[in-house]
Amino acid sequence: MFALAQWLKTTPLPEFALWVGTTPLSALVDTNWWIAEVVQTIHILTLAAVFASVLMVNLRIIQLAGTGRNLKQTVARYAPWVWWGLLVLLTTGFLLIVGEPARELLNPCFWTKMVLVVIAALIALWFQGAVGRHADQWELTSHGTAAIRLGAAAVIVLWLVIMALGRWIAYAPT
């Protein structure tokens with residue numbers, strides 16, 4: 001992480017962060033303490049909804065929850081929460097960045113988190129398409145295949161890491 005922090009300082013990001021900090025939107029967020037608090041609360045609650053949805057789908061794959069529905073029904077129920085949640089996270093995240101651009105844009109935890117969010121979104125997109133095309137192949141016996149169960153567990157861990165990195169943004173040196 002230290003190497004990434006050093007590298008970030010050699011890019012145009014410090015100047016860009018300073019510029020963002022001079023915009024009227026940044027001043028609005030910075031001078032009205034409640035805006036950042038409300039936006040951060042919405043961001044965290046939305047993250048909880050997205051993670052809960054991801055968790056339910058993956059626990060269904062592992063067959064630890066939701067076994068009363070088939071996988072296609074489970075995905076249909078929770079996928080909108082993931083996609084709409086990601087849209088809200090993008091919007092609130094943008095406002096959080098504008099409020100404190102240097103803290104976010106020069107932070108290695110922030111960039112690591114962003115890369116992992118893109119990976120998680122791509123996995124969700126692939127998975128949703130795969131279930132739509134081959135739902136019967138995703139239905140496991142009570143034992144299931146180790147690879148599918150391991151993949152589902154890895155997605156849960158991926159989201160846990162994303163959440164931890166989001167929290168560490170406040171404490172990582174920039």
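For the chain, hydrophobic long helices are taken as DSSP H runs at least 24 Å long by C-alpha position along their axis with mean Kyte-Doolittle hydropathy of 0.5 or more; these are 33-62, 71-99, 108-133, 146-168. Less than 15 Å Cβ to Cβ from VAL29, Lys/Arg counted +1 and Asp/Glu -1: what total charge do the surrounding residues give? Spelling it out: positives minus negatives among the neighbours equals -3. Structure remark: mean-square fluctuation, Gaussian network model of the chain, C-alpha springs under 10 Å; the largest value among ALA146, ALA65, ALA164 belongs to ALA146. Electrostatic tally near GLN40: other residues with Cβ closer than 13 Å to its Cβ, Lys and Arg +1, Asp and Glu -1, net -1. Evaluate E = 1/(1 + (r/R0)^6) for ARG103 and LEU125, where r is the Cβ-Cβ distance and R0 equals 30 Å; express this FRET efficiency to the nearest 0.05. Efficiency computed from Cβ-Cβ geometry: 0.50. Counting beta carbons within 10 Å around each of VAL38, VAL88, VAL50 and listing the fewest first gives the order VAL38, VAL88, VAL50.
Placing +1 on the Cβ of every Lys and Arg and -1 on the Cβ of every Asp and Glu, with nothing else charged, gives the chain a dipole about its Cα centre of roughly 540 debye. For the stretch 9-112, the set of trypsin sites (Lys or Arg not before Pro) satisfying both a DSSP loop assignment and a count of at most 16 other C-beta atoms within 10 Å is given as ARG69.
Working from label points 7 Å from Cα in the Cα-to-Cβ sense, the TYR171 to LEU116 distance is 1.4 nm. Full extension of the chain segment joining THR41 with ARG77 gains 10.5 nm, where the gain is 0.36 nm per residue of separation less the Cα-Cα distance. Taking every C-alpha pair closer than 8 Å and separated by at least 6 residues, the mean separation divided by the residue count of the chain gives a relative contact order of 34 percent.
Length gained on full extension, ALA52 to PHE94, computed as 0.36 nm times the residue gap minus the Cα-Cα distance: 12.9 nm. Fully extending the segment from ALA164 to ALA135, taken as 0.36 nm per residue of separation minus the present Cα-Cα distance, adds 7.2 nm.
Bear in mind that the values in this text are calculations on the coordinates, not laboratory data. All values derive from a computational prediction rather than experimental measurement. Cβ: placed from backbone, ideal geometry, glycine included. Neighbour counts: every protein chain shown.
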